[in-house]
Structures are given as structure tokens and as C-alpha cells.
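Encoded as C-alpha cells, the structure appears first; notes follow it.
Every read-out reported here was derived from the displayed coordinates using simple, explicitly stated rules and does not represent laboratory data. Bear in mind that the values here come from a model prediction, so they are computed numbers and not experimental data. Heads up, the Cβs are rebuilt from the backbone with ideal geometry, glycines too, and the neighbour counts pull from every protein chain shown.
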Amino acid sequence: MGDVGIMGLRPPGATWRDTLELAARVDALGYSCITTGEAWGEDAFTSLAQIAALTSRIRIGTSIVPIFARSPSNIAMTAGNMDLMSEGRFFLGLGASGQLVIEDFHGEEFRKPLTRMREYIDIIRKAMAGERIDHDGEFFHTRRFRLRFEPYRRCLPIYIASLSPASLRLTGELADGWLPIFLAPSRMDAAVADLKAGAAAAGRSLEDITVSPQVSVYVTDDVAAARERERPHIAFYIGGMGVFYHQYMRRIGFGEEADRIREAYLNRERDRAAALVSDEMVDATTIIGNPEECKDQMQYFFDAGVDEIRLVLNEPDMDSYVQVVEALAPGGDG
């Protein structure tokens, strides 16, 4: 079996102290990483800094921070400091986010995200390597910037969250890892082909890229109920998070369903949109079953070429969250 991590370590109703205790437990149980994203709740780096201080083995990473929300110089300082504090356990997950989040929440123009991503990574990599940055690009005009501390690693791993063919090729060209969502193991050939094409253009191969999807998991014997809980999540992304997820679902063979879901969602018929998410869509992208069945389904991802699964747990409270973490643990002292 490949590596198994946890995405979003915040059980419902848990205090922050509960979360930190759980992070230490996840570390001891042999999980590969803890990642946290950043949208309109807590910021990612503050949480991960505390988690890094209370763990010793597990990798920690952002999944994701938007490239429109901070300058690349600021991210270089923050990411370098995170890697220093965690003694080389940090990886930086970047993404474009979407037009609604960037323009409405951050007040920034959502324009040419791939060009911006390329400049962003170039500046961060040069900063981590100790270079003085004099960058004159389309988006960033940086003068005389240099990190004033020695990074723990000069080659900090950078992962990209990407879905479109162009962004997948950019990921293959530049990134150390790929952070997809709603990855369907039986339908990932086209995405992998784009990754390979980008990698080949840069003289690299797919082996240079860690494939690390986030996957919702429901540990239960009631498969029908779990599907009902997952449908609104999929519908929200297709209908409420711009065009990328709708287009992605079309590319992997769920075009008719995605069109109907998006139409209903944009008409503010959210319950109907969720109901239109088919069992096949849920089953293709979600892990559901008892612990052994879940592990079997995880292996299906690994057999398809996935290196690491970051599980998104959907338990209702702290106790059940802990039970699932222990039931699906890949190893360690649990």
C-alpha cells in the first residue's frame, strides 16, 4: 500500500487542543502527512506551525494556499520558515483557487492564473536557493529581495492543485507533486497523459511527481446514507466553485450529470443539484465501506498510480473521528 495522510484535521465540535492531541496521535500511527487548506476559514500556516511543533515524523503541507492571496516573497519567507521549524517536513501546496473566491474575498483580479503560477514558483525557488531576486515579470516586479536566513532545504517541495489540461501540463513541467480532488482512479488516464506531456517537455518523467489526491472517506456499513452525505459536496464544487470542476467532470465522462447539476445549482435549486449527483459519480471519487472495504478501495487508487492518499474524514464528532483514524492507520505504534 502507498502512503496515507489526513487532509483537514478538524473534527466537528473539537477544540484546538483536541486537534493538536489528535495530530500527535496521527503522527504516532504512521500517517504520511497532515495537510490543511485555506479558503475563508482559518489560515493554513498558523495551524500547521503548531502541528509541526507537536509532531516529529509526519510531513505537513498546505492543500492549498491560493497564489492570489499573498506575494511570492511572503510565501517564500513563510514556507522557508515552516520547513526550518519542522526540520524538513514541510511541503508547499499551491493553487489558483477560483474567480469568486479571489475577486470577492481578496479583492484581486483573477487573471491568467497559469502565468501567475509560473512566476510565483520561479520566485519562491530562487529565494529558497539563496538567490537575490530581481524579477521583472507580467505580474511581479521584485527588486533586491533575498531571504535573510538559511533555509533548512534549498529545494523545498512544491505541489500544485490542478485539473485543466493546461494546468496539468504546467504541473508536470514544474511541480514536485500533484494535489487533485475528485480523482477517479478508473478515469485518470487523460490527466496522467497531460502530466506526462508537461514533464517530458521539461526533461522529467511522471516518477518525479508525487500524485497525492484528497479523497473523501466514509467508514460505515450504510453505503446509501454515505452517498447522500457526499452528494451536496460534489454538487457544490460543480455548481458553486466556478467552471473548473464542471469542466473536469465533463472530461472524465460525467458530462450530462455535470451539466444538469450546474444548471440546478445556478438556479439556486441546491437540493435538486445534490440529488442529481449519481451513485456512479460518488463511487468513482469517494471511499465508502467498513474499514477493510475502505482499505481495499484505497489500494485501488495505489494500483492506478497514486503515490499518496490524503483522506478527508466525514465523521460527526471527535470520538468517531479518532476511531476512524485508528481503524485506517497504515502503521506506527497504534
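Things to note:
- Label separation (Asp134 vs Phe236): 4.8 nm, computed from points 7 Å beyond Cα along the C-beta direction.
- The calculated FRET efficiency for Leu54 paired with Ser320, based on their beta-carbon distance and R0 = 22 Å, is about 0.50.
- Kirkwood hydrodynamic radius of the chain, Cα pairs, Å: 20.5
- Highest average first, the peptides 144-153, 206-215, 57-66, 127-136 ordered by how many other beta carbon atoms sit within 10 Å of their residues are 57-66, 206-215, 127-136, 144-153.
- Diagonalising the gyration tensor over the Cα atoms of the range 221-289 and scaling each eigenvalue by 5 before taking the square root yields semi-axes of 19, 14, 9 Å, largest first.
- Cα gyration tensor shape of the range 126-170, rounded if a/c is under 1.5, else prolate or oblate by comparing a/b with b/c: oblate
- Based on Cα contacts under 8 Å between residues 6+ apart, the chain shows a relative contact order of 21 percent.
- Cβ-based exposure ranking for Met85, Met1, Met249, in which fewest neighbours within 10 Å come first: Met1, Met85, Met249
- Full-extension gain in nm, Trp40 to Asp122, via 0.36 nm per residue minus C-alpha separation: 26.9 nm
- Using the Cβ-Cβ distance between Thr115 and Val243 with R0 set to 22 Å, the FRET efficiency works out to roughly 0.75.
- Volume per residue that the Cα convex hull of the range 253-334 spans, once the total is divided by residue count, Å³: 129
- Label-to-label distance, nm, for residues given as Ser71 and Ala166 (7 Å Cα→Cβ offset): 2.7
- The order of Lys112, Lys126, Lys295, going from fewest to most other C-beta atoms within 10 Å of their C-beta, is Lys112, Lys295, Lys126.
- Net length gained if the chain between Ala327 and Lys295 were fully extended (0.36 nm per residue, minus Cα distance): 10.6 nm
- The range 86-230 - Debye-derived log10 I(q)/I(0), Cα point model, q = 0.11, 0.12, 0.16, 0.17 Å⁻¹: -0.54, -0.63, -1.01, -1.10
- The GNM of the chain, with springs linking C-alpha atoms under 10 angstrom apart, assigns the highest mean-square fluctuation among Asp303, Asp104, Asp189 to Asp104.
- Of all DSSP beta bridges in the chain, antiparallel share, percent nearest 5: 10
- Taking all pairs of distinct alpha-carbon atoms in the range 160-204, Kirkwood radius in angstrom: 10.2
- The length gained on full extension between Arg148 and Ala224, counted as 0.36 nm times the residue separation minus their Cα-Cα distance, comes to 21.9 nm.
- Helical mean residue ellipticity (222 nm; -39500 (n - 2.57) per DSSP H run of 4+; nearest 500) of the chain: -14000 deg cm²/dmol
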